[in-house]
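What follows is a set of notes on a single structure, which appears directly below.
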Amino acid sequence: MRLSTKGRFAVTAMIDLGLRENAGPVSLADIAVRHQISLSYLEQVFSRLRQCALVESTRGPGGGYSLARSAAAISVADIIGAVEDKRSGGLAGEPRKADAAAAMTAELWATLSAQMVAHLQSISLQSLVSEQRAKGVQIESRPARRGVYKKPEPLRTTAPNSVFALGSTLLPSR
């Protein structure tokens with residue numbers, strides 16, 4: 001199993017979805033802002049998550065992504081396996097050539113990879129979400145995105161609007 005930034009971002013985004021599971025679909029733009037992840041990168045990640053039936057999308061106003069099944073039924077191994085490239089086997093940096101040096105350590109890397117997969121399969125998304133809630137992560141209430149919005153009133157101040165106006169307020173009048 002390969003571990004990369006893509007997998008890390010996918011797990012982070014899925015925890016975000018799990019935390020907001022009861023709030024309806026979550027837009028990728030909101031996730032991108034909360035976690036400082038590129039929106040186009042998240043779109044690629046969620047495309048793969050959707051292909052593997054881990055998330056489902058809702059179109060239209062108020063749309064976004066939600067979990068396709070319960071958080072308890074999704075493991076970290078499912079998430080990472082969905083987003084990582086299937087063609088690149090093994091760990092990042094593992095030799096891919098079948099030369100003598102790679103053959104000597106092939107069993108070691110295969111065993112390590114199997115142990116990692118087993119460990120990641122034992123961690124459910126629900127346990128990660130519960131862990132975040134136990135740490136006191138606050139979920140902000142989303143404002144309704146439907147309807148006509150009232151144009152905001154301009155902010156009126158009594159402060160001087162230029163350096164010259166500020167200077168005239170500081171100098172004693174003659």
query = Over the range 5-142, what relative contact order in percent results from Cα pairs under 8 Å that are six or more residues apart?
reply = 30 percent
note = Computed from the beta carbon distance with a Förster radius of 45 Å, FRET efficiency for Tyr41 and Val163 to the nearest 0.05 stands at 0.55
key: Fewest-first sequence of Val45, Val137, Val11, Val129 by Cβ atoms within 10 Å of each Cβ   = Val137, Val11, Val129, Val45
request  = Round to a whole angstrom and tell me the spacing of the C-alpha centers of the range 96-132 and the range 45-70.
outcome  = 27 Å
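Bear in mind that the values in this text are calculations on the coordinates, not laboratory data. Small disclaimer: the values here were computed from a predicted structure and weren't measured. Reconstructed Cβ throughout: ideal geometry from the backbone, glycine too, with neighbour counts over all protein chains shown.
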